[in-house]
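The values are calculated or read from the model by the stated rules, or taken from the named source; none is laboratory data. Because the structure is a prediction, the values reported are computed rather than measured. Virtual Cβ from ideal backbone geometry, glycine too; neighbours counted across all protein chains shown. With ligands, DNA and RNA removed, areas are computed over all heavy atoms of the protein, side chains included. Shrake-Rupley method; radii C 1.70, N 1.55, O 1.52, S 1.80 Å.
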Amino acid sequence: MSKFVSTRNVHDHKTAKQAILKGLADDGGLYTFADIPSLAMEPLLDLNYQELALRVLRVLFDDFSEEELTHCIRSAYTDTFDAEDVVNISKINDAYLLELYHGPTSAFKDVALTILPQLLSASAPTKKVYILTATGGDTGKAALEGFKNVENTFITVFYPKDLVSPVQEKQMNTTTGDNVEVISVNGNFDDCQSLVKKCYEELRPENVFLSSANSINIGRLVPQIVYYFKAYIELVRRNEISAQDKVNFIVPTGNFGNILAGYIAKKMGCPICKLVCVSNQNNVLTDFINTGSYDRNRPFYHTMSPSMDILVSSNLERLLFMLSDHDDQKIARYMRELKETGSYRIDEELLRKLQENFVACCCDEEDTKKAIRKAFDQDHRLIDPHTAIAYFANDLLKDPHKSIIVSTASAYKFSKSVLDALTENDIEDEVAAMDALYRLSKEEIPAALKEVDTLPILHDKNIDVEEGIKIIQERIAKL
């Protein structure tokens with residue numbers, strides 16, 4: 001049976017169900033594969049998305065029965081996505097766009113967060129589960145939609161006040177469901193994420209499992225592996241590449257979960273050459289991959305790609321653990337240095353392994369706007385600011401392999417920014433900007449986004465970071 005171990009203590013091991021329920025290890029580490037199994041590509045080439053998901057999850061979560069996984073997958077991916085087979089792969093310039101925004105909240109988080117509630121329910125069918133989640137904008141709404149009205153499950157989402165797009169904020173604050181709570185925090189995403197981790201470390205409720213919908217939860221991360229295999233298979237099917245030809249994936253990156261899923265897909269046997277990690281102005285990851293020095297002691301920028309406005313990328317810990325051959329003491333030391341001084345430097349051998357798999361670059365605000373304009377003018381495509389950062393990086397990548405750009409959200413979630421980039425018309429109202437963008441592009445607005453302005457605001461609580469634990473304690477007492 002597969003085991004998952006803490007990145008800071010390999011003797012703390014769990015089954016998949018236990019790791020999904022636990023979310024975060026007691027020592028603050030992240031549960032990670034003790035071993036990563038491989039998959040042969042040939043048998044995968046004729047599978048649809050649900051069949052592919054079953055094949056991937058079956059080898060990684062092998063304490064779930066096939067019947068349990070089949071039920072989870074069907075519940076998550078039947079009639080919930082606009083794309084015919086969950087995700088789309090389309091041509092853009094000399095690359096391909098992996099469109100991950102066809103789910104109920106128009107963001108890539110939907111792919112994992114429609115199935116995570118099912119996995120949690122199968123892991124603890126008779127227990128109460130309390131989900132704590134920090135969001136830079138997209139995870140929050142996707143988690144709320146996934147978990148609302150799920151029996152014996154409760155969720156609180158923290159987001160940084162005024163640092164998500166107006167559409168993202170309205171999506172969250174109009175969420176229905178008796179078991180959901182949305183709270184804005186006076187701070188940035190890193191403050192929200194630290195608050196969630198602190199709750200895990202300090203609270204030990206007896207009557208409820210504390211868990212997470214962030215990618216610190218292995219149950220959220222693993223379903224993302226599937227779409228890397230799916231994108232590769234689609235290019236083979238279309239005769240764009242031959243089986244076993246390698247490809248590059250270009251990933252706009254903040255918390256490092258999405259691109260880490262790509263690395264795990266590569267370890268499992270997906271023919272990936274390079275994973276291109278692209279940052280916005282908060283380029284802590286770019287500097288780290290290029291130098292081996294991680295330093296969050298730098299200016300924090302509020303950008304038009306708010307889901308990437310992050311200086312502490314949690315999932316990087318998992319990658320370093322895997323690259324260091326599970327050296328938990330080394331990882332614990334790095335994370336302790338990060339907490340105490342705000343920085344750490346990895347050794348040369350670890351840096352070499354890192355650079356064998358990843359390349360990195362960053363994109364400032366002006367180049368993001370230029371990329372949005374170029375995609376529209378040359379390719380007749382609307383892309384959101386996060387996708388634009390990856391589109392920009394594609395022009396810098398000098399590599400003979402075909403590239404797949406990971407597109408993480410609908411452009412309409414960031415209508416004001418996209419419209420401003422295309423027309424320099426700064427419309428204050430987000431819905432008016434959405435309508436103007438539609439008139440300009442004639443690209444359909446996702447139904448869930450079109451109606452968001454007509455829904456009543458149901459959540460308006462705002463707190464300082466220091467109040468967060470007390471708020472959670474009070475809700476646990478009610479449960």
Nearest-0.05 FRET efficiency for Asn239 and Glu474, computed from C-beta distance (R0 51 Å)
0.30
Would you work out the Kirkwood radius for the stretch 332-374? I mean one over the mean of 1/r across all pairs of different Cα atoms, in Å.
13.3
Three-way shape call for the stretch 61-194 based on the alpha-carbon gyration tensor, with the a/c threshold at 1.5:
oblate
By its C-alpha gyration tensor, with a ≥ b ≥ c as the square roots of the eigenvalues, how is the stretch 265-365 shaped: rounded for a/c under 1.5, else prolate for a/b larger than b/c, else oblate?
oblate
Where the stretch 229-291 is the region considered: accessible area per residue in Å², 1.4 Å probe
25
Pull out a ≥ b ≥ c, the square roots of the eigenvalues of the alpha-carbon gyration tensor of the stretch 175-331, then state rounded if a/c is under 1.5, prolate if not and a/b is larger than b/c, and oblate in the remaining case.
prolate
DSSP-assigned coil residues among trypsin sites (Lys or Arg not before Pro) in the stretch 172-259, each with at most 16 further Cβ atoms within 10 Å:
Arg238, Lys246
What are the ³J(HN,Hα) values, in whole Hz, obtained from phi via the Karplus relation 6.51 cos²θ - 1.76 cosθ + 1.60 with θ = phi - 60°, for each residue of the stretch 458-472 in sequence order, with x given for Gly and Pro?
10, 9, 9, 6, 10, 9, 7, 4, 5, 7, x, 5, 4, 4, 5
Test of understanding: what is the full-extension gain from Asn207 to Asn186, defined as 0.36 nm times their sequence separation minus their Cα-Cα distance?
4.6 nm
Give me a comma-separated list of calculated 3J(HN,Hα) values for the stretch 165-180, in order, Karplus coefficients 6.51, -1.76, 1.60 applied at θ = phi - 60°, integers in Hz, x for any Gly or Pro.
5, x, 5, 4, 5, 5, 4, 5, 7, 9, 5, 8, x, 6, 9, 10
Using a simple spin-label model with points 7 Å from Cα along the Cα→Cβ vector, what separation in nm is obtained for Asp453 and Asn149?
2.7
Three principal axis lengths of the chain [C-alpha, angstrom, descending]:
57, 51, 47
Listed by chain and number, the residues whose amide H is under 5 Å from that of Cys362, excluding neighbours fewer than 5 places away on the same chain and using placed H, are Ser279
Long-range HN-HN contacts of Ile250 with modeled amide H, under 5 Å:
Val276, Ile404, Ile405, Val406
Sequence-distant aspartates and glutamates (8 or more away, or on other chains) whose Cα lies within less than 14 Å of Lys91:
Glu99, Glu234, Glu240, Asp379
Roll a 1.4 Å probe over the protein heavy atoms and report the accessible area of Asp395 in Å², nearest 10.
60
When N is the residue count of the stretch 25-113, what does its C-alpha Rg come to as a fraction of 2.2 N^0.38 Å?
1.28
For Ile131, which sequence-distant residues (separation of 5 or more, or a different chain) have an amide H within less than 5 Å of its own amide H, given hydrogens modelled in the peptide plane?
Phe154, Ile155, Thr156, Ser211
Nearest-0.05 FRET efficiency for Lys91 and Glu340 at R0 = 56 Å, using Cβ-Cβ distance, is 0.70
How long is the stretch 198-241 along each principal axis, judged by its Cα atoms, biggest number first, in Å?
55, 18, 9
Length gained if Glu349 through Glu467 is fully extended, taking 0.36 nm per residue and subtracting the Cα-Cα distance, is 38.3 nm
Could you work out the helix-only [θ] at 222 nm for the chain, with each DSSP H run of four or more residues adding -39,500 (n - 2.57) and the total divided by the number of residues, to the nearest 500 deg cm²/dmol?
-13000 deg cm²/dmol
Taking R0 as 22 Å, what FRET efficiency do you get between Asp379 and Glu444 from their Cβ-Cβ distance, rounded to the nearest 0.05?
0.80
Loop-resident sites, the stretch 428-458, for trypsin sites (Lys or Arg not before Pro), counting at most 16 other Cβ within 10 Å (DSSP):
Lys442
Translational diffusion of the stretch 429-479, µm² s⁻¹ [Kirkwood Rh, Cα pairs; Stokes-Einstein; 37 °C; 0.692 mPa s]:
228
Taking the stretch 116-250, the lysine pairs whose C-alpha atoms sit under 16 Å apart (8 or more places apart or on different chains) add up to 5
